[in-house]
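Here is the structure we will look at, set down as structure tokens.
The values are calculated or read from the model by the stated rules, or taken from the named source; none is laboratory data. Quantities reported herein were computed from a predicted structural model and do not represent experimental measurements. When we count neighbours, we look across all protein chains shown, and the Cβ atoms used for this are built from the backbone with ideal geometry, even at glycine. With ligands, DNA and RNA removed, areas are computed over all heavy atoms of the protein, side chains included. Shrake-Rupley method; radii C 1.70, N 1.55, O 1.52, S 1.80 Å.
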Amino acid sequence: MDTIFISFEKALKKHFSIGAFNFYNLETLQAILEAGEECCMPVICSVSESAIKYMGLDATVMMFEALTQKKKYPAYLHLDHGQSYEICKKAIDAGFDSVMIDGSSLPYSENVKLTKKVVKYADKNGVFVEGEIGVLSGVEENLIVAEKEAKFTSPKEAKSFVLETGINSVAVAIGTSHGAYKFKGEPHLRIDILTEIEKELGKFPIVLHGASTIDPKIIKQINARGGKIKNAKGVSKDDLKEICKNHNVCKINVDTDLRLAFLASIRQTLKASPKETNPRYFLTEAKEYMKEIVKQKINLFSGKY
Ligand code: G3H
Ligand code: 13P
Ligand code: ZN
């Protein structure tokens, strides 16, 4: 089975992106893993610090290990937006394949210092490290980053950051944000900035956060069953296709689209089956719906669409 290092090398060489999806319970993890197997592609299973708090670190790792024992295609356990050296160390000690140290809200020199410290410990343990330079708007962990405070990644800074820290991949800010409300007007990613970053970095793995497309069909399903989600807007599929095919983006992060699918399904089945008394029925339907979405994403990111 390929290590995460090999999977990134392949993605970079063959121009596809590995889907990274957030999980926070059994059903979200099952949806991601089953989709990966059915698409015959690797998947990255991401947990945020708040998801770890919710599930507990031991339960997170044990559930991941139990569910991946018989897999034919790789699945990697990844810490998403680790905010401190301590949480990255805990994840590494617990057996994660990969950690993200997110010092993007710190001044450049402090981001370098923190990231380097994590790389040093991760290297000793054979763990992959993602760093971030440039600030996404939206919600990162519990930090609300206002749109006007978001900073696009400077291509020159990205180069020095990669060289100084020794990270294995770099997350960049090119106009995406976390959550369901990414754009006020038309979705627009700064692919020109991505191209400039690539000129500086050469062949080096880049990560795109905030890549949910926020399907209007799913928003409609939620709102038709009592939801009140207004003016939600995501990244365009065409931008994602372009990024996966013609750029060095090797990992694409999606969380919100799965959350929305989960909620749409729960609202729909609760309404459609008022006599059902078994919660597992609703959760299984929700898992199936999320799995369909993960499969669509994997196919999009791998160029099969
Ligand atoms: O980076 C943001 C992810 O969507 C994780 O969000 O901290 O609510 O789990 P969370
Ligand atoms: P979305 O909110 O667009 O799904 O982004 C998730 C993400 O970047 C997790 O790190
Ligand atoms: Zn993110």
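Among the residues in segment 278-298, are any open to solvent by less than 20 Å² (accessible area, probe 1.4 Å), assigned to a helix (DSSP H, G or I), modelled with pLDDT of 95 or more and in contact with a Cys (Cβ under 6 Å, 6 or more places away or on another chain)? Scanning segment 278-298 turns up at least one residue that is open to solvent by less than 20 Å² (accessible area, probe 1.4 Å), assigned to a helix (DSSP H, G or I), modelled with pLDDT of 95 or more and in contact with a Cys (Cβ under 6 Å, 6 or more places away or on another chain). Within segment 253-277, if we keep just the residues that are within 16 Å of ligand 3 (Cβ to nearest atom) and of a type in the set (S, T, N, Q), the residue that is surrounded by the fewest Cβ atoms within 10 Å (Cβ to Cβ) turns out to be 256. Residues in segment 184-213 that are open to solvent by 10 Å² or more (accessible area, probe 1.4 Å), under 30 Å from residue 289 (Cα atoms) and touching a Lys or Arg at 6+ places or on another chain (Cβ under 9 Å): 184, 185, 186, 187, 213.
Scan segment 169-187 for residues that are under 16 Å from residue 240 (Cα atoms) and either within 15 Å of ligand 2 (Cβ to nearest atom) or in contact (Cβ under 8 Å) with a residue 24 or more places away in the chain (or both) and jot them down. Quick ask: steps written out before the conclusion?
Just the residues of segment 169-187 that are under 16 Å from residue 240 (Cα atoms), to begin with: 171-178, 182-183, 186-187.
Passing the criteria: 171, 172, 173, 174, 175, 176, 177, 178, 182, 183, 187.
One residue stands out among those in segment 57-113 that are within 14 Å of ligand 1 (Cβ to nearest atom), of a type outside the set (D, E, K, R) and in a loop (DSSP other than H, G, I, E, B): the one that is least open to solvent (accessible area, probe 1.4 Å), which is 104.
Going by the conditions given, is residue 250 in contact (Cβ under 8 Å) with a residue 12 or more places away in the chain, crowded, with 21+ Cβ neighbours inside 10 Å, more than 16 Å from ligand 1 (Cβ to nearest atom) and not in a helix (DSSP H, G or I)? Spell out the reasoning first.
Working: in contact (Cβ under 8 Å) with a residue 12 or more places away in the chain: yes; crowded, with 21+ Cβ neighbours inside 10 Å: yes; more than 16 Å from ligand 1 (Cβ to nearest atom): yes; not in a helix (DSSP H, G or I): yes.
It is true that residue 250 is in contact (Cβ under 8 Å) with a residue 12 or more places away in the chain, crowded, with 21+ Cβ neighbours inside 10 Å, more than 16 Å from ligand 1 (Cβ to nearest atom) and not in a helix (DSSP H, G or I).
Regarding segment 217-236, can at least one residue be identified that is within 16 Å of ligand 2 (Cβ to nearest atom), in a strand (DSSP E or B) and closer than 22 Å to residue 18 by Cβ? So far as segment 217-236 goes, no, none of its residues is within 16 Å of ligand 2 (Cβ to nearest atom), in a strand (DSSP E or B) and closer than 22 Å to residue 18 by Cβ.
So, in segment 46-56, how many residues would count as being farther than 21 Å from residue 251 by Cβ and open to solvent by 30 Å² or more (accessible area, probe 1.4 Å)? Walk me through how you get there before you give the answer.
First pass over segment 46-56, keeping only residues farther than 21 Å from residue 251 by Cβ: 53-56.
Filter once more, keeping what is open to solvent by 30 Å² or more (accessible area, probe 1.4 Å): 53-55.
Here the count works out to 3.
Checked against (1) within 16 Å of ligand 2 (Cβ to nearest atom); (2) within 22 Å of residue 124 (Cα to Cα), residue 94 passes all but a single condition, namely (1). Checked against the criteria, residue 32 does not count as closer than 20 Å to residue 131 by Cβ and either more than 16 Å from the chain's Cα centre (by Cα) or assigned to a helix (DSSP H, G or I) (or both). Residues that are outside any helix (DSSP H, G or I), farther than 21 Å from residue 193 by Cβ and at pLDDT 80 or above within segment 114-150 comprise 125, 126, 127, 128, 129, listed in sequence order.
Go through segment 151-166 and report how many residues are open to solvent by 10 Å² or more (accessible area, probe 1.4 Å) and either under 15 Å from residue 248 (Cα atoms) or in a loop (DSSP other than H, G, I, E, B) (or both). Summing the residues that are open to solvent by 10 Å² or more (accessible area, probe 1.4 Å) and either under 15 Å from residue 248 (Cα atoms) or in a loop (DSSP other than H, G, I, E, B) (or both) in segment 151-166 gives 6.
Is it true that some residue in segment 188-210 is touching a helix residue (DSSP H, G or I) at 6+ places or on another chain (Cβ under 8 Å), within 16 Å of ligand 1 (Cβ to nearest atom) and in a loop (DSSP other than H, G, I, E, B)? Checked segment 188-210: no residue is touching a helix residue (DSSP H, G or I) at 6+ places or on another chain (Cβ under 8 Å), within 16 Å of ligand 1 (Cβ to nearest atom) and in a loop (DSSP other than H, G, I, E, B). Somewhere in segment 196-218, is a residue within 30 Å of residue 124 (Cα to Cα), aromatic (Phe, Trp, Tyr) and either more than 16 Å from ligand 3 (Cβ to nearest atom) or at pLDDT 95 or above (or both)? Yes, segment 196-218 contains a residue that is within 30 Å of residue 124 (Cα to Cα), aromatic (Phe, Trp, Tyr) and either more than 16 Å from ligand 3 (Cβ to nearest atom) or at pLDDT 95 or above (or both).
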